[in-house]
1. Test of understanding: among Val222, Val279, Val251, Val205, which residue is surrounded by fewer than 15 Cβ atoms within 10 Å (Cβ to Cβ) and either touching a His at 6+ places or on another chain (Cβ under 7 Å) or of a type in the set (A, V, I, L, M) (or both)?
2. Can you name every one of the strands (runs of 3 or more DSSP E) wholly within the range 186-282 that holds 1 or more residues which are among the basic types (Lys, Arg)?
3. Report every pair of residues separated by at least 6 positions or lying on different chains whose Cβ atoms are under 6 Å apart, first residue within the range 199-212 and of a type in the set (Gly, Ala, Ser), second at pLDDT 95 or above and buried (at least 21 other Cβ atoms within 10 Å of the Cβ).
4. Can you go through Ser170, Ser114, Ser156, Ser147 and tell me which one is at pLDDT 95 or above, more than 21 Å from Ala254 (Cβ to Cβ) and loosely packed, with under 13 Cβ neighbours inside 10 Å?
Amino acid sequence: MKSKLLFSLGALVLIAIVGYGIYDHRHLRQENLLLGENMKAASTSLAELENRNVVLEGQLQSAEDTLTSFGAQVSDLTGTVGTLKKLSETDQELLKKYSKVYFLNENYIPSGLSEIDQKYVYTKGKVLEIHTKVKPHLESLIDAANSTGLNLLVISAYRSFGTQSSLKSSYKVTYGAGTANSFSADQGYSEHQLGTAVDFTTPKVGDTFSGFSKAPEYQWLVNNAYRYGFILSYPEGNTYYTFEPWHWRFVGTALALMLHNENRRFYDLDQREIDKYLVTIFD
């Protein structure tokens, strides 16, 4: 009897243990399922956050690109305004093709004229003037040439409308109108009125210019004048005047360099192409 009772109690305890095990297993399974769902939800949320972060980074980069672009536009605009201001303050006549093309009236005078130092002048005591902003370029050119043992001098520079008229009239009397027209401009068509053109000579050549094209000073000018912004206005074969190896015009270093490097002539260019260099003429 006692053994049956013990057996029954053992069976009940075993059933209880098994039942609890089944319950605990189901409970753990539910918890695992819930935990899995929570982890899945957390993973989804993390992915959404990562996607959102990518979107935000893209928006931030876009905003930075917009600001950079805007800054560049502001910079370009500032540069354009500065260029336009500089251009408005530059004499629009300085790079015009005046020889038999454009006309300077009798009232035109360069914005500023300065006397050329007597050490650079052929006729001592004669007052010669040049555009104020061209003067340092001219002096640098002559100093550079003469530092090599040459003796380059200026015999003519700025001429007013009236002076050119008187000079042309005297040439017509001396040489006749046809000959004078081949080497001398009428008043209003002379580059000298701009104050940016000079005629060079040497003590050996003198005031007749005869033989200047064979002088070493001329060859030096051909090889180096562009470095100082000067060009030969009327080279051999030009259709405006006879070859004038002594007559050089300041057009700025940028334009002079382009003409030298590309072996082109000032008067063969379209005026619109020339005008692009006006803003940098004195740089």
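1. Details: Val279 fails: surrounded by fewer than 15 Cβ atoms within 10 Å (Cβ to Cβ); Val251 fails: surrounded by fewer than 15 Cβ atoms within 10 Å (Cβ to Cβ); Val205 fails: surrounded by fewer than 15 Cβ atoms within 10 Å (Cβ to Cβ).
Just one listed residue meets the conditions, Val222.
2. On the way: elements: 197-201, 230-232, 247-250.
Answer list for the range 186-282: 247-250.
3. Note: pairs meeting the criteria are Gly211/Val205.
4. Details: Ser170 fails: at pLDDT 95 or above; Ser114 fails: loosely packed, with under 13 Cβ neighbours inside 10 Å; Ser156 fails: loosely packed, with under 13 Cβ neighbours inside 10 Å.
It is Ser147.
The values are calculated or read from the model by the stated rules, or taken from the named source; none is laboratory data. These numbers come from a predicted model, not from an experiment. Ideal geometry is used to build each Cβ from the backbone, glycine not excepted, and the neighbour counts take in all protein chains shown.
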